[in-house]
Amino acid sequence: MIAKKDIKKALEKNELDYFYQPKVSAITGDIVGAEALVRWIKPDGKVIPPGAFIPLAEESGLIKEITLQLFKKLERSIKLIHEIKPLCVSFNVTADDLETDKLSEKIIDALKEKRLTPSSLELEITESKLIKSKPSVKDNLNRIVDIGVGVAMDDFGTGYSSLNILSNYPFSTLKLDYNLINGITSDNKKKFITKTAIRMAHLLKIDIVAEGVDNKQQYDLLLYMGCTIIQGYLISKPLPLNEFIDFLKRDIRYPGSTAGKLHMIYVDHILWYRDFVYYVMSRLQKISYTSFPPPIPSPHQCMFGEWFYKKGKIFLTESLSDQSVKKLEKLHLSIHDEAQKIIGISKQRIETTQHYDDILINFNRLHQDFINKLQECENSLVYSYLTPLD
Ligand code: C2E
Ligand code: CA
Ligand code: CA
């Protein structure tokens with residue numbers, strides 16, 4: 001039985017250290033991050049997992065000292081990891097760690113003194129730890145987010161009021177819990193919940209990590225569903241720093257595809273279309289449009305445009321012909337051109353009786369062409385992903 005005094009001794013003797021578990025981009029197939037997970041390494045080399053001592057450390061308040069001691073090690077490790085690859089390394093914190101500003105000050109100092117960059121670091125925190133937390137926890141999280149460091153909501157899908165916590169805290173990543181992922185290939189409910197969570201993260205414009213992925217079927221399904229980051233034994237178990245660095249040096253490429261993301265964009269544009277048509281019709285019916293804002297007419301600001309002009313165009317050009325990508329862009333621009341025209345007409349002709357059919361006829365055709373092209377591109381991406389290399 002581990003007692004509080006044993007943990008104290010482990011701290012004094014510096015026996016706690018992080019292991020690192022890689023995270024893969026489901027879009028590029030590249031290693032893009034790692035999670036630091038604490039281990040107690042006994043002098044005889046025996047490794048004690050966190051489940052055996054973290055609950056007691058949290059109960060007894062020792063966790064704060066542990067996190068601060070580990071953060072120093074994390075800084076050094078990130079420096080070594082970055083000599084190989086510029087990964088984002090996440091570490092686990094509890095509400096206790098954020099009640100005072102000790103940890104947030106340490107993070108802010110490390111960034112100010114350029115020992116770390118904001119994109120190299122992410123905090124993971126479980127929703128259950130936030131439910132009854134003091135207001136200072138949220139203040140400290142906000143300070144950390146304000147300097148550009150990400151915060152992930154851990155264990156999504158296991159708690160009680162995840163959505164309430166999600167809407168009240170500044171999360172930049174959602175982590176789907178092992179218990180959810182573990183059933184996605186056999187349990188339809190878990191599959192639908194996962195799909196919906198991925199869709200929600202996409203709309204919130206935050207990353208979504210599936211943890212505990214331990215087989216290829218789960219990996220493929222998550223890729224298909226549009227999950228952005230994958231972590232689990234299928235890629236690797238958590239490794240001591242030196243082994244993790246060796247792992248990175250092997251520069252392994254995993255399967256990746258833009259198909260899942262493109263499918264999200266496809267659904268987004270159908271929803272954009274729907275908002276647009278509702279807006280125009282309500283204008284023509286002289287109904288003041290209060291319940292929904294008008295859809296954004298700019299081709300750079302709809303979900304497709306935002307993605308396409310940031311990273312999407314590059315990703316698509318890697319997998320599709322230049323001609324296909326150009327055609328997609330052209331069709332998209334023409335829909336938004338037409339949308340701008342229609343907005344003008346609907347404003348001018350608010351007093352006339354011109355029927356909506358006449359106004360929307362060209363717009364409908366253009367949108368249909370764009371949707372068909374998006375589908376064609378998605379099919380081509382799926383085909384190239386599923387085609388065996390040999
Ligand atoms: P977590 O943050 O949800 O971490 C994920 C756990 O799932 C890790 O267990 C990891 O080893 C395990 N895991 C990863 N991939 C797979 C997989 O494919 N299959 C299975 N079966 N398991 C997988 P670990 O390292 O034992 O950590 C357990 C928990 O302890 C963590 O859950 C976290 O809540 C806590 N913890 C770990 N390190 C720290 C820390 O530094 N500080 C605090 N406060 N808590 C920590
Ligand atoms: Ca975690
Ligand atoms: Ca978890």
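Looking only at residues in segment 138-181 that are among the polar types (S, T, N, Q) and under 15 Å from A197 (Cα atoms), which one is surrounded by the most Cβ atoms within 10 Å (Cβ to Cβ)? Among those that are among the polar types (S, T, N, Q) and under 15 Å from A197 (Cα atoms), it is T173. Checked against the criterion of being open to solvent by 40 Å² or more (accessible area, probe 1.4 Å) and closer than 20 Å to A339 by Cβ, the candidates I252, I287 yield just one match: I287. Select, from M303, M200, the only residue that is aliphatic (A, V, I, L, M), in the same structural domain as F156 (by TED's automatic domain parsing) and away from ligand 3 (no atom under 16 Å from the Cβ). The unique qualifying residue is M200.
Scanning segment 209-237 for residues that are within 30 Å of V47 (Cα to Cα) and in contact with a Ser or Thr (Cβ under 7 Å, 6 or more places away or on another chain) returns V209, Q218, I229. If you check I2 against the conditions, is it more than 30 Å from the chain's Cα centre (by Cα), within 29 Å of S133 (Cα to Cα), outside any strand (DSSP E or B) and of a type in the set (A, V, I, L, M)? Answer is yes for this residue. Return the residues of segment 112-129 that are part of a strand (DSSP E or B) and either in contact (Cβ under 8 Å) with a residue 40 or more places away in the chain or more than 16 Å from ligand 1 (Cβ to nearest atom) (or both); say none if nothing qualifies. Once the filter is applied, which keeps residues that are part of a strand (DSSP E or B) and either in contact (Cβ under 8 Å) with a residue 40 or more places away in the chain or more than 16 Å from ligand 1 (Cβ to nearest atom) (or both), segment 112-129 yields L121, E122, E124. The lone criterion from (1) touching a strand residue (DSSP E or B) at 6+ places or on another chain (Cβ under 8 Å); (2) away from ligand 1 (no atom under 14 Å from the Cβ) left unmet by M153 is number (2).
Checking Y219, Y309, Y266, Y224 one by one, the residue that is outside the structural domain of L16 (by TED's automatic domain parsing), of a type in the set (S, T, Y) and buried (at least 16 other Cβ atoms within 10 Å of the Cβ) is Y266 and no other.
Okay, residues lined up against (1) crowded, with 20+ Cβ neighbours inside 10 Å; (2) assigned to a strand (DSSP E or B):
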residue: E75; (1), (2): no, no
residue: L80; (1), (2): no, no
residue: K85; (1), (2): no, no
residue: S90; (1), (2): yes, yes
residue: D97; (1), (2): yes, no
residue: T100; (1), (2): no, no
residue: L103; (1), (2): yes, no
residue: I107; (1), (2): yes, no
residue: A110; (1), (2): yes, no
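Residue-wise test of (1) modelled with pLDDT of 95 or more; (2) more than 16 Å from ligand 3 (Cβ to nearest atom).
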position: L116; (1), (2): yes, yes
position: I125; (1), (2): yes, no
position: K132; (1), (2): no, yes
position: S161; (1), (2): no, yes
position: N164; (1), (2): no, yes
position: N168; (1), (2): no, yes
position: F171; (1), (2): yes, no
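The values are calculated or read from the model by the stated rules, or taken from the named source; none is laboratory data. As the structure is a prediction and not an experimental result, all values here were calculated from the model. Cβ coordinates were reconstructed from backbone atoms using ideal geometry, including for glycine residues, and neighbour counts include every protein chain displayed. These area figures cover heavy atoms from the full protein model, side chains too; ligands, DNA and RNA do not enter into them. Shrake-Rupley method; radii C 1.70, N 1.55, O 1.52, S 1.80 Å.
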